[in-house]
Amino acid sequence: MEILYSKSQVGYWMSREPKTVSPDTSVRRAFFKMRYYNFRHLPVVKDGKLVGIVSDRDLRRPDVSEEPDGWDDFYRLDDSYEVCDVMATELITLRPRDTVRHALSIFLSHRFGALPVLNVQGELVGILTARDMFRAFDDLLAETGGWRRGEEVSGGGG
């Protein structure tokens, strides 16, 4: 039975059953999985529990490189590093019934590109990405007729 969510809830916009990797997945394999599926973030799951998230940016981190600027590792990833070496482990997560507005406040205040979505049992059920948020915003604009003259957008720059 599929649960129905309103457009104001994260569950409506999240990508369901996201592709994942395990902490012992090589950074190289994670990179190619992201590239194959055209993703920028992969939740990291161990024994059925979310333990981290890895982004394409994590895979290019300078502290993984022996080179001064670190950019060469983006193209020369090998199997000597595992996802657990670079993943983020201090996670902020969402629930499917959280509001999109709540999710937006987290995206803006923390500058995240994706947030894992967990059910009440703590199981990973989705991922909400910046792209999903853009789709929600586009839908809102379509429903409301777009921008009105004189309105400004707030929320920080950058």
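The values are calculated or read from the model by the stated rules, or taken from the named source; none is laboratory data. What you are looking at is a predicted structure, and each value in this text was computed from that prediction instead of being measured. Note: ideal-geometry Cβ built from the backbone for every residue, glycine included; neighbour counts use all protein chains shown.
Taking the range 111-141 as the range and being buried (at least 19 other Cβ atoms within 10 Å of the Cβ) and acidic (Asp, Glu) as the test, only ASP132 passes.
Scanning the range 9-21 for residues that are loosely packed, with under 14 Cβ neighbours inside 10 Å and in contact with a strand residue (DSSP E or B) (Cβ under 6 Å, 6 or more places away or on another chain) yields a single hit, ARG16.
Of ASP24, ASP79, ASP69, all but one fail to be loosely packed, with under 13 Cβ neighbours inside 10 Å and at pLDDT 95 or above; the exception is ASP24. The number of residues in the range 93-126 that are touching a residue at least 40 places away in the same chain (Cβ under 8 Å) and touching a Leu at 6+ places or on another chain (Cβ under 7 Å) comes to 10.
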